[in-house]
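Participant: Sharing a structure, written as structure tokens. Questions coming.
Just so it is clear, none of the values below were taken in a lab; they were calculated from the coordinates. Remember, predicted model here, so these are calculated numbers, not experimental data. Virtual Cβ from ideal backbone geometry, glycine too; neighbours counted across all protein chains shown.
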Amino acid sequence: MRLASLIICLLALAGATCPARLLAAGNPERITYDAPSYAHYGAFRSGTSQPGKAVATLWLPDKPAPDISTGDKLPAVVIGHSIGGWKDSSEGRYVQPLLAAGFAVIGLDHFSGRGITRAADVPGAISPMTPVSDALLALKLVASHPRIDPRRIGVMGLSMGGVTAELTAYELVRRRVLGDSDLKFAAHLPFYAPCGNVFINNNGPTLTGAPMLKLYAGRDETTPRDKCDRIEALLAASQPGLDRRAIWYPDAYHAWEVPTAPRFYPQHVNARKCPITDFGSSLRLIDANGGERPYDLAEIQACIRDSTGYSMGASPAAAADAMKQMLAFFARTLGK
């Protein structure tokens with residue numbers, strides 16, 4: 001067994017299963033590791049979980065780009081998938097461009113190890129905090145790889161994966177999963193992540209401080225702009241001077257990589273009519289206009305019932321620009 005495979009097996013504290021193939025360029029490797037499952041946000045907040053498994057697929061570039069690599073250490077990007085599961089036509093379309101730019105790529109699979117076959121129209125099938133935890137544990141796993149620079153690992157994701165890319169930037173979330181470790185993602189890029197929840201930390205930094213670029217679709221029912229803007233205002237007030245930027249594609253729909261014409265899916269779970277929930281130091285609800293009140297589970301359940309459904313469909317211009325923005329963002333944040 002080559003050194004890369006051996007180190008992954010020996011040092012992966014998340015319980016990785018030793019791979020059957022070598023971790024070599026052009027030879028993607030699937031790694032199964034222990035990862036807890038959380039029933040809902042509250043369970044994550046309280047530390048209540050069930051045992052689970054997650055899968056990470058690792059690709060190494062054939063030739064590291066000389067303007068990005070440092071010695072033999074590679075920057076890397078973790079990709080989280082949507083609530084529809086990993087699809088080569090969606091999440092997978094970003095793998096080869098990243099490899100060509102000199103990045104290692106880690107594709108996450110939150111479903112197969114847990115026996116999940118469908119989730120978009122099944123309330124409670126998976127809590128977004130489970131993929132968030134999976135991603136942070138994958139960071140810990142991949143950081144031990146001898147070819148990857150642990151200081152230059154970024155995260156991106158689509159929809160639910162966008163939530164993963166966004167929430168892993170919260171310090172309370174990072175510490176819940178990684179404890180006292182100083183390991184963190186070096187850059188975050190959410191694609192059309194539903195605007196919903198924050199983890200404000202009244203006792204210290206709210207965010208890790210890593211740069212974030214958020215890509216939004218103007219016709220996406222999961223991202224009401226007033227909610228998204230309110231979240232940014234909350235974070236700016238909590239921690240000024242952050243490197244955060246948002247790009248809105250006004251005519252684009254959720255899941256703009258989908259090749260089919262836009263259509264509305266009434267059965268899909270959504271929460272667009274719900275207030276923002278702060279699961280941080282002070283559990284509370286926050287309206288888009290800034291009003292605050294105590295957390296009320298019954299209110300959240302009711303607004304989710306009233307919010308069901310959202311549109312998805314092809315937006316070629318947005319998809320093309322998002323690819324360019326992604327490569328430029330990671331070159332800037334991870335390529336030094």
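Participant: Return Thr260, Thr277, Thr48 ranked ascending by Cβ neighbour count within 10 Å, so the fewest neighbours appear first. Please list the in-between numbers first.
Facilitator: Numbers: Thr260 9, Thr277 21, Thr48 12.
Listing Thr260, Thr277, Thr48 from fewest to most nearby Cβ atoms yields Thr260, Thr48, Thr277.
Participant: Work from the charge dipole of region 57-210 (Cβ charges, +1 for Lys and Arg, -1 for Asp and Glu, about the Cα centre) and give the residue of Thr130, Ser159, Leu74 farthest towards its positive end.
Facilitator: Checking the options against the dipole of region 57-210, the answer is Thr130.
Participant: Considering only DSSP beta bridges with both partners in region 140-284, what is the antiparallel share in %, to the nearest 5?
Facilitator: Of all bridge pairs located within region 140-284, approximately 10 percent are antiparallel.
Participant: Please state the charge dipole magnitude for the chain, taken about the Cα centre, from unit charges on C-beta atoms (+1 on K and R, -1 on D and E), reported in debye and rounded to the nearest 20. All intermediate terms of the calculation are to be shown ahead of the outcome.
Facilitator: Numbers: 35 positive and 30 negative charges, 99 e Å.
The dipole magnitude comes to about 480 debye.
Participant: Compute the length gained on full extension between Asp34 and Gln301: take 0.36 nm times their separation in residues and subtract their Cα-Cα distance, giving the result in nm to one decimal.
Facilitator: On the way: separation 267, 0.36 × 267 = 96.12 nm, distance 3.05 nm.
The span from Asp34 to Gln301 would gain 93.1 nm if fully extended.
Participant: Which whole number in µm²/s is D for region 114-251 by Stokes-Einstein, with the Kirkwood Rh taken over Cα pairs at 25 °C and 0.890 mPa s?
Facilitator: 156
Participant: With θ set to phi - 60° and the Karplus curve 6.51 cos²θ - 1.76 cosθ + 1.60, what are the ³J(HN,Hα) couplings of region 274-280 in order, to the nearest whole Hz, using x for Gly and Pro?
Facilitator: Going residue by residue, I get 7, x, 5, 10, 9, 9, x Hz, with x marking Gly and Pro.
Participant: Where does each of Ser159, Ser311 land when they are ranked from fewest to most other beta-carbon atoms within 10 angstrom?
Facilitator: The order, fewest Cβ neighbours first, is Ser311, Ser159.
Participant: Here is a follow-up. Which distance in nm do the two modelled labels at Arg225 and Ser181 give, with both placed 7 Å along the Cα-to-Cβ direction?
Facilitator: Output for this residue pair reads 3.9 nm.
Participant: Scan (1) 1.33; (2) 0.97; (3) 0.94 for the value of Rg/Rh (Cα atoms, Kirkwood Rh) calculated from this model and give just the label.
Facilitator: (3)
Participant: Say each of Arg93 and Ser282 gets a label point 7 Å from the Cα, pointing the same way as Cα to Cβ; how far apart are those two points in nm?
Facilitator: Modelled inter-label distance: 4.3 nm.
Participant: Given labels modelled 7 Å from the Cα in the Cβ direction, how far is it in nm from Ser112 to Asp251?
Facilitator: Reported label-point gap for Ser112 and Asp251 is 3.8 nm.
Participant: Name the residues whose placed amide hydrogens come within less than 5 Å of the amide hydrogen of Ser37, ignoring near sequence neighbours (fewer than 5 apart) on the same chain.
Facilitator: Close amide H contacts, sequence-distant or interchain: Gln50, Gly52.
Participant: Sticking with this one: Just how large is the dipole of region 83-235 about the Cα centre, in debye to the nearest 20, putting +1 at every Lys and Arg Cβ and -1 at every Asp and Glu Cβ?
Facilitator: The calculation lands at about 200 debye.
Participant: Only loop residues by DSSP count here, and only those with at most 16 other Cβ atoms within 10 Å; note down the trypsin sites (Lys or Arg not before Pro) in region 166-273 that meet that.
Facilitator: When the trypsin sites (Lys or Arg not before Pro) of region 166-273 are filtered for loop state and at most 16 Cβ neighbours within 10 Å, Lys273 remain.
Participant: Okay, moving on. Along the charge dipole of the chain, pointing to its positive end and built from +1/-1 on Cβ of Lys, Arg, Asp and Glu, which listed residue (Gly92, Ser281, Thr32) has its Cα farthest out?
Facilitator: Farthest towards the positive end: Thr32.
Participant: Quick one: which of Lys53/Lys324; Lys53/Lys273; Lys53/Lys227; Lys53/Lys140; Lys87/Lys214; Lys73/Lys324 span more than 27 angstrom between C-alpha atoms?
Facilitator: Beyond 27 Å between Cα atoms: Lys53/Lys324; Lys53/Lys273; Lys53/Lys227.
Participant: Counting pairs of alpha carbon atoms under 8 Å apart in space and at least six apart in sequence, what relative contact order in percent does region 193-305 give?
Facilitator: Relative contact order, region 193-305: 34 percent.
Participant: On to the next question. Arranged by the count of other C-beta atoms within 10 angstrom, fewest first, what order do Cys195, Cys228 take?
Facilitator: Numbers: Cys195 27, Cys228 22.
With the sparsest Cβ surroundings first, the list reads Cys228, Cys195.
Participant: While we're on this one: So what is the calculated 222 nm ellipticity per residue for the chain, using -39500 (n - 2.57) for each DSSP H run with n of 4 or more, over all residues, to the nearest 500 deg cm²/dmol?
Facilitator: -8500 deg cm²/dmol
Participant: Going through the DSSP H helices of the chain, which span 18 Å or more along their own axis at the Cα atoms while scoring at least 0.5 as a mean Kyte-Doolittle hydropathy?
Facilitator: Helices meeting the span and hydropathy rule in the chain are 129-142, 316-334.
Participant: Share of antiparallel DSSP beta bridges in the chain, in percent to the nearest 5?
Facilitator: Within the chain, antiparallel bridges account for around 50 percent of the total.
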